[in-house]
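The values are calculated or read from the model by the stated rules, or taken from the named source; none is laboratory data. No experiment lies behind these values; they were computed from the predicted model shown. Because the Cβ atoms are built from the backbone with ideal geometry, glycine has one as well, and the counts that use them run over all protein chains shown.
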Amino acid sequence: MDEKPPAPVSPLRALRRFTEARIGLGRFGAGQPTAVHLDFAEAHAKARDAVHTGFDLDGVAGALTAAGRRSIRIESLAGDRATYLRRPDLGRRLSAASRDRLAQERAEGGCDLVLIVADGLSATAVNRWAVGTALSVLAAVPQDWRVAPVVLAEQGRVALSDPIGEALGARLALMLVGERPGLSAADSLGAYLTFGPRPGRTDADRNCVSNIRPGGIAPEAAGRKLGRLAGRAASLGFGGTRLKDDETLIEAAQPAPLVAGDGGST
Amino acid sequence: MIGCEDLRALLAKASPARSGDFLAELAAQTQEERVRAQRRLAEVTLDEILAAPIVPPEDDEVSRLILDQHDREAFRPIAGWSVGELREWLLSDAATDAGIAALKWALTPEMVAAVSKLMRNQDLIAVARKRRVVTGFRTTIGLAGRLSVRIQPNHPTDDPKGVAASILDGLQFGCGDAVIGINPATDSPDAMIRLLELIETLRLKLGCPVQSCVLAHVTTALSAIERGAPVDLVFQSIAGSEAANRSFGISLAMLAEAHQAALGLNRGTVGRNVMYFETGQGSALSADAHHGVDQQTMEARAYAVARAFDPLLVNTVVGFIGPEYLYDGKEITRAGLEDHFCGKLLGLPMGVDVCYTNHAEADQDDMDNLLTLLGVAGVNFVMGVPGSDDIMLNYQSTSYHDAAYVRDVLSLRAAPEFEAWLSGEGIFDAAGRLAARDDAGALIARAGLLAAA
């Protein structure tokens, strides 16, 4: 073998200005060029690590404390990651100890808002962006609101908002949760607002802002929008699909597509 | 005689382990219990299965359809066979392509699901490989020694140039002979018509024998047809119970209406198969419409719906639904082989979206394995997604490279009409393999893509 194969340069590369899709990659036989193969492997590795990274509870709680916000820790019934991935139903329910813990925190007359931070499918997203988003939300909501301590929820799915909100007697629950990682971003945070949280709420009862991260919607900006959205839901007395927002970034949460799997975080 | 409830429980407990059946609390609790159920299932006869509908026909139009489809004459010779005996016959040399095909309407989804549960992966491959199901529109799909590929040029905003760029990349890899099929970001007649016209223009400019499909809801396709859009194939996701189909916003009557409307356009040149269906294990459970039936049997019931409408393509989207239904590479692999086997036995032109999400315990190596196994099993078509990365649906499927790989290692060729076009364009060499020189520039120029930019 004394000839190195020519470097693959496809004219299709010129079309990459039209799409983020991985076109014009070149080939050796049917195989991908080494750099292309390793780029993909790296993106997938980041996504896999995000799913299995631990929730940095001390770090998040410490940052909230430093900003003058108290937090409490609870967990779902899922227990560990392997169970969480297999049993979405358990990720939507509170452990008995957590139910007791929340009952102790319930204020006389309940509260206006509980902000929940849950690991979801990307603890990486939560570890990086939840504190900034949460503090921005809390600064943006009406300052006379009675706000519960921030709830840090391990192995939580979106609908865990409902028993948490109910236990604290909250008018509104806002959950910041790690979204299912993609190849382009493994650290997207999602936010789900529920008016009148209680078990039995569906996705149609929630409003959602997704793709919160510096390359998407910046955490501070997302927090301000969410704070305003919470204010509107409270004054109108409802949320979900009936609550439209003039800011196009905020949409009603759609029910998960049925053959689609990305109900994973809900 | 076995009762309906006993059969339902037996099918579930005999099913190879997967997370969705545990989620539904239907699975065997121990390995030994599973094998015990398989032994009992092996003794159940086919006429017992026919006599014990696992979803009550009075509540479910899919169950009624299954009974209506059943051909008692063709069934008579095998009615007394046990499931174990059916397995042995299928594996034997007596079971030829024509012999299995003759049982198309004698076998019900429940019988086929039952026998699959007694099979190892190699059995599923060996039997499916014997059964060729050939369909046609502008290309002929499913012939022996051929493997077709869907170009899946999705774009998060349906940008026409972005979609066209992905299509050209796929054509340059010899993909597209199954269909050029776009999952639209927006499900509306306007969006659908824009995308259909884009593919139509490309197809005519390039003189390329392909069919197009925009994977919008069947009602969207019907309004596009009413507005005179160039609809080749009508798409719909389907499932194995009336309630699950209702959650998709469809009924059998709606599918029949769409089927007739698409046939009326008469746009095919080599065949009149005008439907494209997608399915996937777990969809009924996720809609809470599984009637206590395990997810693999429910999936086979979806094939009864598909075969009522003579589809060009049926695609089981095997790893898309997530780890709560199929946890890891092993479960995804098993499900892909089962679905392909069951579909083929029921006479369907099966393709498989060999895929996974980032929260499943799976990676590219698992996909390579399943793709290779399906190539051996004679799958009609697979997906071609640029670089495996669907930037609209956010999951990983097989790539144009993967399609070229599996055709190469198994000496599989493209659909004949499309292969002739590829050779004429110099994309394939005389041996029907990708030509050494990459001359995408010529296609790009003829498509007018850069000029229009």
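Quick grid of which residues meet (1) touching a Lys or Arg at 6+ places or on another chain (Cβ under 8 Å); (2) assigned to a helix (DSSP H, G or I); (3) more than 9 Å from every other protein chain (Cβ to nearest Cβ); (4) not polar (S, T, N, Q):
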{"residue": "B:Ala335", "(1), (2), (3), (4)": "yes, yes, yes, yes"}
{"residue": "B:Cys342", "(1), (2), (3), (4)": "no, yes, yes, yes"}
{"residue": "B:His359", "(1), (2), (3), (4)": "yes, no, no, yes"}
{"residue": "B:Ala420", "(1), (2), (3), (4)": "no, yes, yes, yes"}
{"residue": "B:Ala430", "(1), (2), (3), (4)": "no, no, yes, yes"}
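Only one of these conditions is not met by B:Ser188: (1) within 11 Å of chain A (Cβ to nearest Cβ); (2) modelled with pLDDT under 95; (3) more than 22 Å from the chain's Cα centre (by Cα). Which number is it?
(1)
Where the second residue is buried (at least 24 other Cβ atoms within 10 Å of the Cβ) and hydroxyl-bearing (Ser, Thr, Tyr) and the first is more than 20 Å from A:Leu243 (Cβ to Cβ) and lies in segment A:157-174, which pairs have Cβ atoms under 6 Å and are six or more apart or on separate chains?
From residues that are more than 20 Å from A:Leu243 (Cβ to Cβ), the pairs are A:Leu160/A:Ser76.
Please verify whether A:His37 is within 14 Å of chain B (Cβ to nearest Cβ) and in contact (Cβ under 8 Å) with a residue 24 or more places away in the chain, treating the condition exactly as stated.
Against the criterion (within 14 Å of chain B (Cβ to nearest Cβ) and in contact (Cβ under 8 Å) with a residue 24 or more places away in the chain), A:His37 does not qualify.
Of (1) more than 14 Å from chain B (Cβ to nearest Cβ); (2) free of Cβ contacts under 8 Å to residues at least 24 places away in the same chain; (3) not hydroxyl-bearing (Ser, Thr, Tyr), A:Phe28 satisfies all except one. Which?
Of the numbered conditions (1) more than 14 Å from chain B (Cβ to nearest Cβ); (2) free of Cβ contacts under 8 Å to residues at least 24 places away in the same chain; (3) not hydroxyl-bearing (Ser, Thr, Tyr), the odd one out for A:Phe28 is (1).
Is it true that A:Thr83 is within 28 Å of A:Gly237 (Cβ to Cβ) and of a type in the set (S, T, N, Q)?
Taking the combined requirement at face value, the residue does not satisfy it.
For segment A:67-90, check the following and say yes or no: at least one residue is more than 8 Å from chain B (Cβ to nearest Cβ), of a type in the set (Asp, Glu) and part of a loop (DSSP other than H, G, I, E, B).
Yes, some residue in segment A:67-90 is more than 8 Å from chain B (Cβ to nearest Cβ), of a type in the set (Asp, Glu) and part of a loop (DSSP other than H, G, I, E, B).
Can you tell me which residues in segment A:24-47 are among the small types (Gly, Ala, Ser), surrounded by 16 or more Cβ atoms within 10 Å (Cβ to Cβ) and out of contact with any Leu (no Cβ under 7 Å at 6 or more places or on another chain)?
A:Gly26, A:Ala30
For B:Thr372, only one of the following conditions fails: (1) surrounded by fewer than 24 Cβ atoms within 10 Å (Cβ to Cβ); (2) of a type in the set (Ser, Thr, Tyr); (3) over 22 Å from B:Pro16 (Cα atoms). What is its number?
(3)
Exactly one condition in (1) away from chain A (no Cβ under 12 Å); (2) more than 19 Å from B:Thr139 (Cβ to Cβ); (3) hydroxyl-bearing (Ser, Thr, Tyr) is not met by B:Tyr405; state its number.
(1)
Residues are listed down the side, and each one gets a yes or a no for (1) assigned to a loop (DSSP other than H, G, I, E, B); (2) buried (at least 22 other Cβ atoms within 10 Å of the Cβ); (3) within 12 Å of another protein chain (Cβ to nearest Cβ):
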residue	(1), (2), (3)
B:Gln122	no, no, no
B:Val149	no, yes, no
B:Ser166	no, yes, yes
B:Leu171	no, yes, yes
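Tell me which of these B:Val317 doesn't satisfy, since it passes every other one: (1) under 12 Å from the mean Cα position of the chain (by Cα); (2) within 14 Å of chain A (Cβ to nearest Cβ); (3) farther than 23 Å from B:Leu393 by Cβ.
(3)
Would you please list the contacts, defined by Cβ atoms under 6 Å and residues six or more apart or on different chains, that run from a residue in segment A:45-61 that is touching a residue at least 12 places away in the same chain (Cβ under 8 Å) to a residue that is surrounded by 14 or more Cβ atoms within 10 Å (Cβ to Cβ) and aromatic (Phe, Trp, Tyr)?
That search, which allows pairs on different chains as well, returns nothing.
In this structure, does A:Arg198 turn out to be surrounded by fewer than 20 Cβ atoms within 10 Å (Cβ to Cβ) and either at pLDDT 95 or above or of a type in the set (Asp, Glu) (or both)?
Spelling it out, A:Arg198 is indeed surrounded by fewer than 20 Cβ atoms within 10 Å (Cβ to Cβ) and either at pLDDT 95 or above or of a type in the set (Asp, Glu) (or both).
Please indicate, with yes or no, whether at least one residue in segment A:9-18 is at pLDDT below 95, more than 9 Å from chain B (Cβ to nearest Cβ) and either part of a helix (DSSP H, G or I) or within 26 Å of the chain's Cα centre (by Cα) (or both).
Yes, there is a match, as at least one residue in segment A:9-18 is at pLDDT below 95, more than 9 Å from chain B (Cβ to nearest Cβ) and either part of a helix (DSSP H, G or I) or within 26 Å of the chain's Cα centre (by Cα) (or both).
So if I check each of B:Pro209, B:Pro156, which one is more than 14 Å from chain A (Cβ to nearest Cβ) and out of contact with any strand residue (DSSP E or B) (no Cβ under 7 Å at 6 or more places or on another chain)?
From the options B:Pro209, B:Pro156, the qualifying one is B:Pro209.
Looking only at segment B:339-383, count how many residues are of a type in the set (D, E, K, R) and closer than 19 Å to B:Arg132 by Cβ.
2
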